[in-house]
Structure formats: structure tokens, C-alpha cells
Amino acid sequence: MRLLVATAVPPERDAGRPRPASPAGGAGGARAFGAPDTPEETALPGAVLLRTPGADVLAAGVGPAAAASATSAALTAARLAGNPYDLVVSAGIGGGFAERAPVGAVVAADRIVAADLGAETPEGFVPVTGLGFGTDVHVPPAALVEAAREAGLVPGAVLTVSTVTGSAGRASELLARHPSAVAEAMEGFGVAEAAAAHGVPVLEIRAISNAIGPRDRDAWRIPAALTALTSAFVRLAPAEAGSPFALARARLVP
């Protein structure tokens, strides 16, 4: 199974680590796919693709627009080379709704939601679908979500936002609009839009580095979240014939 893992930036940038590593979770993340400490790099427009035996890892940039652009470029390049991807995973860290996904948990999206794509009205927020344009939700294949749940990840809606939540009021507003939400991040919907345009299944996985609510940068636990993310990929590792990803792929494609 050809797997593309799309991240925002190499995580060692935030974790205070040197850069010999893969964005899938540092050098440990690269080794989760059986890769050397310094994977082969390929430049794409506005992004870097790291090739490993188990997956290609794309450092796509921050936010949904950058994520969509870079992911589409990687998918197009692979298809033109005659070696298309079978699955795209948007992976990284994110904020968690504390009672559902505490710091250190890893979540898997059963819905990837563009939470702030729409319009403010006197009656409240209207999502882009309510305006008659496009979609504001992508739904990953149930088999992949179940495989992630079996591997110990927390399923639920993951919200894509362009502005990170920094207040209790905003957190409450998001939960009121999206009762099944477990986390928020900034790239998943962009990755999902690109995957959908190319007809490729998508999943979003996020390790929780901070609680959603009043912004307290000192309370963020980015290195611990990256370690949890790497551990999740080890459990899901697609290189293993009996791994959850491999079993899910078998369910998706007879």
C-alpha cells in the first residue's frame, strides 16, 4: 500500500530538536516506517517530500491552503510517475477538547470538518455548505477509523481552523456547533480536499499537545505529543502485513 503522510512542518522545529528527522515524528517517526535517520528528500512546489520504505512524508506547510496545495502536488507527481498513492494521512499535533482527548492522547478523525469556512450572520455561523458552495466535511472510510480505534486512538470529529482557539468562549462555541469534536488543527481539511479531488481515501491523526481554551503556550507539551504520535504510527505501521492499516486496506479493496 502506497501511503502519503502529510504534516505541517518538521516537528523538531517546535520540539527544539536538530533536523535529522522525518516529519512523521522525528527520527523515531521515520524508523516507524523502516526508514534511515535521513530519508531521501524530494523538492515539490512549496513543500518537501521525504521518501521512506513504508510511506512518503510531506512537509506541506501550515494551514489548509498550503496543505491542500502541497498534497495535490504530491498526489499529481505520484500519479504522473505511474505510482499513485492508495491512502493519504494528515498527521501532526493539535489541541484537544480536554474531557474527550486530554494532552498525550492520539485521535483519529471520523469526520474532517472545516469549522470556520462559511459566514457569520445575525443568526449565527453558517457553514459553506449552507451558503450553497462546496462541502465543509470529509468522512474518512469507516474501516480506517475502526482500525485506528482498535490501535488505541480516540475517534471523533477533528476540526480544521485557520485561527487556533484561544478562549473558553470560542471553545464552547465550537463544541456547540460540533458536538462530536475531539480536537482541532489547521491542515486536515486542506489535505482531505486534495485527496478527494484525486479520488484517494484520507484519514487524519492528531496527537494532543494542548487543551483547547484560554491560550497558555507554557502548558503545551509538544515533545510528548510527538512521541505519542510516533507510537501511534508504530502501532499502525503499514509495512506489517497484519497491521491495522493493512487490514483496513484489505477491507476497502477486495
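The values are calculated or read from the model by the stated rules, or taken from the named source; none is laboratory data. Computed from a prediction, not measured in an experiment: that's the story for all the values here. Ideal geometry is used to build each Cβ from the backbone, glycine not excepted, and the neighbour counts take in all protein chains shown. In case anyone asks, the SASA skips ligands and DNA or RNA and just uses the protein heavy atoms, side chains included. Shrake-Rupley method; radii C 1.70, N 1.55, O 1.52, S 1.80 Å.
Quick notes on this one:
- Wholly enclosed strands (runs of 3 or more DSSP E) of the range 85-131 bearing at least 2 residues over 21 Å from Thr230 (Cα atoms): 106-114, 118-121, 124-127
- Every residue from the range 79-116 that is open to solvent by 10 Å² or more (accessible area, probe 1.4 Å), among the aliphatic types (A, V, I, L, M) and either in contact with a Phe, Trp or Tyr (Cβ under 6 Å, 6 or more places away or on another chain) or without any contact (Cβ under 8 Å) to a residue 24 or more places away in the chain (or both): Leu80, Ala81
- Scanning the range 166-179 for residues that are in contact with a Pro (Cβ under 9 Å, 6 or more places away or on another chain) and not in a helix (DSSP H, G or I), we see that the one that is surrounded by the fewest Cβ atoms within 10 Å (Cβ to Cβ) is Ser167.
- From the options Phe133, Phe125, residue that is touching a helix residue (DSSP H, G or I) at 6+ places or on another chain (Cβ under 8 Å), farther than 23 Å from Val57 by Cβ and surrounded by fewer than 18 Cβ atoms within 10 Å (Cβ to Cβ): Phe125
- Any hit, the range 197-214, residues being surrounded by 15 or more Cβ atoms within 10 Å (Cβ to Cβ), under 13 Å from Leu87 (Cβ atoms) and of a type in the set (D, E, K, R): yes
- Applying the criterion of being open to solvent by 50 Å² or more (accessible area, probe 1.4 Å) and within 14 Å of Arg2 (Cα to Cα) to the residues of the range 46-75, the residue that is modelled with the highest pLDDT is Arg51.
- Of the residues making up the range 138-164, those that are in a strand (DSSP E or B), open to solvent by 10 Å² or more (accessible area, probe 1.4 Å) and either within 7 Å of Ala108 (Cα to Cα) or among the β-branched types (Val, Ile, Thr) (or both) number 2.
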